[in-house]
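So the structure is just underneath, and the comments pick up after that.
The values are calculated or read from the model by the stated rules, or taken from the named source; none is laboratory data. A quick note: this is a predicted structure, and the numbers were derived from the prediction, not measured. Methodologically, a virtual Cβ is constructed for each residue, glycine included, from the backbone with ideal geometry; neighbour enumeration extends over all protein chains shown.
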Amino acid sequence: MRLLGIDFGFKRIGVAIGESEVGVVTPRSALQASGALKTDAKSISQFARKEEVEGIVLGLPVEESGEEGRMARICRTLGDHLVECGENVHFVNEIYSSREAENTLIEAGVKVAKRKELRDGEAASVILERFFDGQSTQ
């Protein structure tokens, strides 16, 4: 199954494409956030259709306590808008995904300036890998 991973942010939206059959996940260049969730959902949906994915895996920023805070509610609303666009949406707890992405880039020897550019797509890759590992949430 071909899926699109999303690491939502107010400035940039990290994206990655994954193939579940072979377990390959590829980060892509971030999309620019518009500041309006409906507009961002339409942009993500257009990207998903262009990439011919069967579903979208959206990172859900659950707090360490396990509670869903403000940002998680925003991501759930984005998910609702994606469903309105006709997309099949899954959620994955994205806790520490950006930190994990940053560490991966550091270990790969990526310079600081380049890491900022790549971090969002790498975080979206972490989200997809978690989904493939069976860590989806409702």
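Which of the residues belonging to the stretch 1-28 are outside any strand (DSSP E or B) and within 11 Å of the chain's Cα centre (by Cα)? Write out each step before concluding.
Taking the stretch 1-28 as the starting set, the residues that turn out to be outside any strand (DSSP E or B) are 1, 8-11, 20-23.
Matches in the stretch 1-28: Phe8, Gly9.
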### Query
When Thr104 is evaluated against the numbered criteria (1) of a type in the set (S, T, N, Q); (2) surrounded by 14 or more Cβ atoms within 10 Å (Cβ to Cβ); (3) within 13 Å of Ile6 (Cα to Cα); (4) at pLDDT below 95, which criterion, by number, is the only one it fails?
(3)
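Name every residue in the stretch 29-62 that is part of a loop (DSSP other than H, G, I, E, B) and exposed (fewer than 13 other Cβ atoms within 10 Å of the Cβ), in order of residue number.
Matches in the stretch 29-62: Gly35, Ala36, Glu52, Glu54.
Which of the following residues is out of contact with any helix residue (DSSP H, G or I) (no Cβ under 6 Å at 6 or more places or on another chain) and in contact (Cβ under 8 Å) with a residue 12 or more places away in the chain: Glu64, Glu94, Glu122?
Glu64
Restricted to the stretch 18-49, and to residues that are touching a residue at least 60 places away in the same chain (Cβ under 8 Å) and among the hydrophobic types (A, V, I, L, M, F, W, C), which residue is farthest from Lys116 (Cα to Cα)?
If we filter the stretch 18-49 for residues that are touching a residue at least 60 places away in the same chain (Cβ under 8 Å), which is where we start, we get 18, 20, 23, 25-30.
Next, only the ones that are among the hydrophobic types (A, V, I, L, M, F, W, C) stay: 25, 30.
Working: Val25: 19, Ala30: 11 Å.
Out of the qualifying residues, it is Val25.
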